[in-house]
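Note sheet for the following structure.
The values are calculated or read from the model by the stated rules, or taken from the named source; none is laboratory data. Please read these numbers as outputs of a predicted model, since none were measured by experiment. Neighbour counts run over all protein chains shown; Cβ positions are idealised from the backbone, glycine included. When the accessible area is computed, the model is the full protein with side chains, heavy atoms only, and any ligands, DNA or RNA have been set aside. Shrake-Rupley method; radii C 1.70, N 1.55, O 1.52, S 1.80 Å.
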Amino acid sequence: MTRSSDDRLRAQGRRGGSGRISECDQSKEGDQSHQGGLALGFDTRIVCGVDEAGRGPLAGPVVAAAVILDPARVIDGLRDSKKLSEVRREWLASAIRERALGWAIGQASVAEIDELNILQASLLAMRRAVEALPLAPTLARVDGNQPPRLACGVELIVAGDATEACISAASILAKVERDRLMLALHSLHPEYGFDRHKGYGTALHLESLKRHGPCSEHRRSFAPVREALS
């Protein structure tokens, strides 16, 4: 039986170092995180940064990351992922995965985006990322002005990816992971040019939508995709 592109994207999940990937269906929400322990040896507040990537695109999942930085292993150059070159993002992502006390990735699928709306799907992806951390944070610093539902405290910071190192780190991991997923999607549907625009509504993407119609990973709840269906 031929696997759908959604199935193939889900097969791209990875784990690395002290991090986790959480890519479960909402229908299995009770078993969506994979946790491990990490003994710190002292009593202190455990703060994670949380950010997402992919709210605006017309296709692909929305991806979130949660990162607990190690104050003893400083990573220079952390900033908003959108202001970094691809090469610099990749280098920093590797350093974050190696040096952080814990990191995790969560995502919400296109089906969940269309069912819940993009805001709620983004918050769901954030929650999955935090719940998949290898140790439970006591505080989550979240980029934006809408809080995900978490078991720990939440501090909202608008434009936090530019001011808070832990949120910058989460921004970088989320962006790198989502770009990787979109490259995988490009291999399944090269006619849309996902490797170039990562699903955003560029002129090239809109023209491809008109010519080929949407694929299974296009968000039907987004107006340009609905228009391409009519």
In nm, to one decimal, how far is the modelled label at GLU207 from the one at CYS152, with both set 7 Å along Cα→Cβ? 4.7
Could you rank the peptides 48-54, 213-219, 173-179 by their average count of other C-beta atoms within 10 Å per residue, with the highest value first? 48-54, 173-179, 213-219
Which of LEU188, ILE172, TYR200 sits closest to the plus end of the dipole of region 168-209, meaning its Cα is farthest towards the positive end, when Lys and Arg get +1 and Asp and Glu get -1 on the C-beta? ILE172
Compute the distance in nm between two label points, each set 7 Å from the Cα along the Cα-to-Cβ direction, one at SER216 and one at GLU115. 1.6
With charges set only on the Cβ (+1 for Lys and Arg, -1 for Asp and Glu), what does the dipole of region 116-189 come to about its Cα centre, in debye to the nearest 20? 200
Nearest-20 debye value, region 85-146 charge dipole, Cβ charges on Lys, Arg, Asp, Glu: 340
Classified through the alpha carbon gyration tensor (a ≥ b ≥ c as square roots of its eigenvalues; rounded if a/c is under 1.5, else prolate when a/b is larger than b/c, else oblate), region 106-230 comes out prolate
Give me the 1.4 Å probe accessible area per residue for region 81-196, excluding ligands and nucleic acids, in Å². 40
Quick one: grab the alpha carbon gyration tensor of region 41-156, order the square roots of its eigenvalues as a ≥ b ≥ c, and give me rounded if a/c is under 1.5, else prolate or oblate depending on whether a/b is larger than b/c. oblate
Karplus-derived HN-Hα couplings along region 116-130 (A = 6.51, B = -1.76, C = 1.60, θ = phi - 60°), whole Hz, x at Gly and Pro: 9, 4, 5, 5, 5, 5, 5, 5, 5, 4, 4, 4, 4, 5, 5
With each pseudo-label sitting 7 Å past Cα toward Cβ, what's the ALA223-ASP76 distance in nm, one decimal? 4.6
Any idea what the dipole of region 53-196 comes to, in debye rounded to 20, about its Cα centre with Lys/Arg Cβ at +1 and Asp/Glu Cβ at -1? 220
